[in-house]
Amino acid sequence: MAGVLGVLGGSGGVGASAFAAVLAAVAGESLLVDVDVAGGGVDVLLGIEGVDGARWSDLHLAGGRLDPSALLGGLPRWGPCAVLAADAPMDAAAVGQVVEVAAAADVPVVLDLPRTPCLERAAALAHCELVVVLARADAPGLVAAHAAVASLPEVPVGVVVRRGSVAAEEAARLVRARLLGRLPATGAEFELDAARLPRAHRAVASGVLAGLLAGVEP
């Protein structure tokens with residue numbers, strides 16, 4: 001399958017970057033694009049910061065056109081995924097071009113999006129077929145997730161709920177997004193290994209990707 005998925009944290013600490021990585025790994029041959037320069041680099045999260053390959057600071061587009069195979073072949077890999085990590089500020093035009101070129105390579109593209117609206121996020125969102133918002137199922141988490149969803153443009157949005165004091169169905173209703181799945185409560189850390197993904201995360205990611213493949217909102 002191919003398509004462009006965005007992943008956004010409804011609040012801090014919900015594991016949005018980790019879930020974006022799981023989505024990319026479950027998708028197989030794919031591209032994970034880190035658009036959140038304030039996140040510390042998804043390559044660090046994945047433990048591949050020492051692996052050779054281009055990061056955002058190594059891309060010098062200058063109005064030229066990227067070759068899809070050259071882009072994918074020049075990036076570090078985490079399991080089956082090519083990874084473009086944010087190690088420096090990027091501009092909106094570059095984000096738009098990279099996502100467009102990657103989508104043209106006919107591989108799934110997963111975007112790790114910043115929570116704060118910015119030109120770079122807007123450029124990425126313009127290509128998204130679905131945005132997945134991770135929400136913590138308690139009052140503060142749902143208020144924040146509602147605000148995050150409200151800040152998005154007209155794009156299909158679904159929510160993955162971290163279990164908490166509010167039932168997942170009610171949480172999705174309050175956030176005003178379609179319920180895509182449920183994950184364990186925050187706090188249970190796990191080592192990100194593309195070959196050994198947590199069962200719950202893999203199951204939810206598979207469901208999201210199956211909905212995208214079917215051409216309908218999950």
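Screening the candidates V133, V101 for the property of being surrounded by 22 or more Cβ atoms within 10 Å (Cβ to Cβ) and either in contact (Cβ under 8 Å) with a residue 24 or more places away in the chain or under 14 Å from A20 (Cβ atoms) (or both) yields one hit, V133.
If a residue must be of a type outside the set (F, W, Y) and under 17 Å from V95 (Cβ atoms), how many such residues does the range 44-59 contain?
5
Among the residues that make up the range 153-166, is at least one of them farther than 24 Å from A27 by Cα and open to solvent by less than 60 Å² (accessible area, probe 1.4 Å)? Checked against the condition, which is being farther than 24 Å from A27 by Cα and open to solvent by less than 60 Å² (accessible area, probe 1.4 Å), the range 153-166 yields at least one hit.
So which of D43, D34 is under 14 Å from the mean Cα position of the chain (by Cα) and either over 29 Å from A171 (Cα atoms) or aromatic (F, W, Y) (or both)?
One residue alone meets the criteria, D43.
Here R115 meets each of (1) open to solvent by 20 Å² or more (accessible area, probe 1.4 Å); (2) out of contact with any Leu (no Cβ under 7 Å at 6 or more places or on another chain) with one exception, condition (2).
Of all residues in the range 142-171, which are over 18 Å from L125 (Cβ atoms), in contact (Cβ under 8 Å) with a residue 24 or more places away in the chain and part of a helix (DSSP H, G or I)?
L142, A144, A168, A171
The single condition among (1) under 22 Å from A27 (Cα atoms); (2) at pLDDT 90 or above; (3) open to solvent by less than 50 Å² (accessible area, probe 1.4 Å) that L72 does not satisfy is (2). Every listed requirement among (1) surrounded by fewer than 16 Cβ atoms within 10 Å (Cβ to Cβ); (2) at pLDDT below 90 is met by L59 save one, (1).
Within 19 Å of A205 (Cβ to Cβ), open to solvent by 10 Å² or more (accessible area, probe 1.4 Å), of a type outside the set (G, A, S) and modelled with pLDDT of 90 or more: is that true of L31 in this structure? Give the steps one after another, and end with the answer.
On the way: within 19 Å of A205 (Cβ to Cβ): yes; open to solvent by 10 Å² or more (accessible area, probe 1.4 Å): no; of a type outside the set (G, A, S): yes; modelled with pLDDT of 90 or more: yes.
Criteria not met by L31.
With respect to the conditions (1) among the hydrophobic types (A, V, I, L, M, F, W, C); (2) in contact with a Cys (Cβ under 9 Å, 6 or more places away or on another chain); (3) at pLDDT below 90, V101 lacks only one, and its number is (2). The C-beta contact set for the range 85-97 (first residue touching a residue at least 60 places away in the same chain (Cβ under 8 Å), second residue surrounded by 15 or more Cβ atoms within 10 Å (Cβ to Cβ), distance under 7 angstrom, 6+ apart or interchain) comprises V95/V35; V95/E120; V95/A123; V95/A124. Kindly check whether there is at least one residue in the range 71-84 that is closer than 14 Å to V35 by Cβ, in contact (Cβ under 8 Å) with a residue 40 or more places away in the chain and not hydroxyl-bearing (S, T, Y). Looking for residues that are closer than 14 Å to V35 by Cβ, in contact (Cβ under 8 Å) with a residue 40 or more places away in the chain and not hydroxyl-bearing (S, T, Y), one finds at least one in the range 71-84, hence yes. When G187, G207, G211 are checked against the criterion of being surrounded by fewer than 18 Cβ atoms within 10 Å (Cβ to Cβ) and on the phi > 0 side of the Ramachandran plot, G187 stands alone in meeting it. Checked against (1) open to solvent by less than 40 Å² (accessible area, probe 1.4 Å); (2) modelled with pLDDT under 90, A24 passes all but condition (2).
The values are calculated or read from the model by the stated rules, or taken from the named source; none is laboratory data. The shown structure was predicted, so the numbers you read here are calculated from the model rather than taken from an experiment. Heads up, the Cβs are rebuilt from the backbone with ideal geometry, glycines too, and the neighbour counts pull from every protein chain shown. Accessible surface is based on the protein model in full, side chains and every heavy atom, while ligands, DNA and RNA are left aside. Shrake-Rupley method; radii C 1.70, N 1.55, O 1.52, S 1.80 Å.
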